[in-house]
Every structure is written in C-alpha cells, then in structure tokens.
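Structure, as structure tokens:
The values are calculated or read from the model by the stated rules, or taken from the named source; none is laboratory data. Only a predicted model underlies this, so the values are computations on that prediction, with no experimental measurement involved. Cβ atoms come from the backbone with ideal geometry, glycine included; neighbour counts cover every protein chain shown. Surface areas here come from the heavy atoms of the whole protein model, side chains and all, with no ligands, DNA or RNA. Shrake-Rupley method; radii C 1.70, N 1.55, O 1.52, S 1.80 Å.
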Amino acid sequence: MAGRTVIISGGGTGIGLATARAFARDGDTSVLIGRRAEVVERAAASVGNAVALPADLTDPAEAARVARFVAERFGTVDVLVHSAGGSGLLEPRPDDADDADDTGDPLAAAAHHWTVAFRINTLTAVLLTEALRDRLASPGGRVLFLSSIAAYRGSGSGAYAASKAALHPYAFDLARALGPRGVTVNVVAPGYIEETEFFGPAMPPERREARVAETLNARAGTPGDVAETLRWLASHAASHITSQTIQVNGGAERGH
Ligand SMILES: NC(=O)c1ccc[n+]([C@@H]2O[C@H](COP(=O)([O-])OP(=O)(O)OC[C@H]3O[C@@H](n4cnc5c(N)ncnc54)[C@H](OP(=O)(O)O)[C@@H]3O)[C@@H](O)[C@H]2O)c1
C-alpha cells in the first residue's frame, strides 16, 4: 500500500506531524494543512515526503481551495487524518469579539468559548471531510478523526469535550454512508500527549504529574503513540474495522 496520498489537517505540529513522519516511513506522501504557513512549510521540509498547504479549515472557501489543490495535484485521497483542533483557550480573540470577556459578561464569554471550540474541533473536520469525500479512494479509503479522552469524561467547561464528542456520531454516520464504497471511518481518542502545542509553551510540572498519575502504565503519551494507531487503522490489516472509537491513553479513562 505504499505511495498513498495522505491529507493531514493540523499536520504542522504534534500528533499530525508525527503521523506524517509515520506515513513517510511507508513511502506515502502527506499534505500538511495548518493556518501558519511557516509552521507547515518547516514541517513538510523536515518530513521530506510531504507538501505544505496553509489554510484555515474553519472557512468553507478555504476547505474548497484545499479540495481543488488536492484534485489537481493528486486526484485521489487515500487517507484523511483530522488532527486540527485544540482547547480553544490559546486562540487569539477576533477583533470583532467586542471584548465580551473584558466586559465581565459571562454569557458572552461562554458563547465565545463554545463557538471557538466547535469551530476549531468540529467544523474543521466536517468541512474538510465534505470537501474531499468524493475523492476518497474507493475501495480502500480511510477517514480518521482525532477526538479526546475529554469526550468521555468532560473537560472543565465542557466546550472542548462536547466539540470532540460531536465528531463521534458524525464519524458513525459517515462510516455508514461510505462503507459501501469500501471506505472505513474511525475515531482515535488520545489522553494526555506531550510534545505537542496543545497545552501552550509550557506544561506546569505538577499538572503533568497529575496527568501521568492517572495512567495505568505511569507515563505520558507521545505523538508517536497516536501516530502508530492511526497508521495501523489506515493499513490493509485494519480494513474490517470501521465506525469505531479507539482510546490511546494508558488506561487513564478507566482509572485506578
Ligand atoms: N495533546 C493532547 O494531549 C491531546 C489529547 C487529546 C486530543 N488531542 C487532539 O489531537 C489533535 C492534535 O493536537 P496536538 O496535541 O497535536 O496539538 P497541536 O500541536 O496544537 O496541533 C493542533 C494543530 O491544529 C492546527 N489547527 C488549529 N486550528 C486550525 C484551523 N482552523 N485550520 C487548520 N489547522 C488548524 C494547528 O496549527 P495552526 O495553529 O497553525 O493552524 C496545529 O498544528 C487535536 O485535535 C487535539 O484536540 C490532543
């Protein structure tokens, strides 16, 4: 199955970048999508077998532009990995946000937080899927969503968790629709994964220790842990696995 075309949203950093590296070892070519051009360009250069495609996938016109690029350059998509996302807490506030948080209006702040979470985690995946679904290799195509342990047990405010949980029924409906074409659709839900940009520039040591203590194998997850799960789900060996959610968290969701 070498020489496949792999589209990876959020491919410039963390789990998405590790996934591109894993596919490159198999001789596959990845298209790395992210908003920061310099980040995806640097990532593509480091991977080798990869192309940078800067785009903001919350914008339907940008998703359409990505689809046109993929159509012209590759024609068919073998694997689609949705790694774009985040807590939303580190997102820059838009100019037109009226400084809702600053006015102390808790409802305006909640509206902003929930809207951002659904835009970056749910909408990015839905728009890219809808833009590319007719290009998925049939049979053999793979669609892989990144959810989170938060979808099972909350995330504090609930916004991030809900925006990830929303991907599950979307993936199941998609698996039903694309199954007859020989395309599988699955969801991978990681626990705490370090060496990503998810938690910002620095994770406080006590917070890291608390996350590690939740696992049954007493370690943090790595981007490679998730990348190898995605790589396996994209392989021929996993061709009878579809409409499933697989947790990669060292047992943290079950707990001690
Ligand atoms: N790290 C963890 O512990 C953890 C745990 C569970 C689930 N996850 C999930 O795993 C996925 C990968 O996260 P990560 O840990 O690898 O963190 P990360 O390094 O922050 O990666 C997220 C990527 O998404 C891109 N992105 C965000 N918004 C985008 C948009 N509108 N359009 C295009 N690209 C966008 C970011 O690049 P730009 O900012 O340049 O756009 C970034 O490269 C995320 O969906 C995250 O929610 C992570």
Could you order Leu32, Leu17 by accessible surface area, starting with the largest, using a probe radius of 1.4 Å?
-> Leu17, Leu32
Within the accessible area of segment 5-248 (1.4 Å probe), percent carbon and sulfur | 54 percent
If every Lys and Arg gets +1 and every Asp and Glu gets -1 at its Cβ, then about the Cα centre segment 1-52 yields a dipole, in debye to the nearest 20, of 80 debye
Add -39500 (n - 2.57) for each DSSP H run of 4 or more in the chain, then divide by its residues: what number comes out at 222 nm, to the nearest 500 deg cm²/dmol?
-> -12000 deg cm²/dmol
To the nearest 20 debye, what charge dipole does the chain have about its Cα centre, counting +1 at the Cβ of each Lys and Arg and -1 at the Cβ of each Asp and Glu?
-> 1100 debye
Which whole-Hz couplings ³J(HN,Hα) result when phi for each residue of segment 113-122 is put into the Karplus expression 6.51 cos²θ - 1.76 cosθ + 1.60, θ = phi - 60°, listed in order with x for Gly and Pro?
-> 4, 5, 5, 4, 4, 5, 5, 7, 9, 9
At 1.4 Å probe size, with every protein chain present, just tell me what the per residue accessible area of segment 5-248 comes to in Å².
-> 45 Å²
The relative contact order of the chain, taking Cα pairs under 8 Å that sit 6 or more residues apart, comes to a percentage of 20 percent
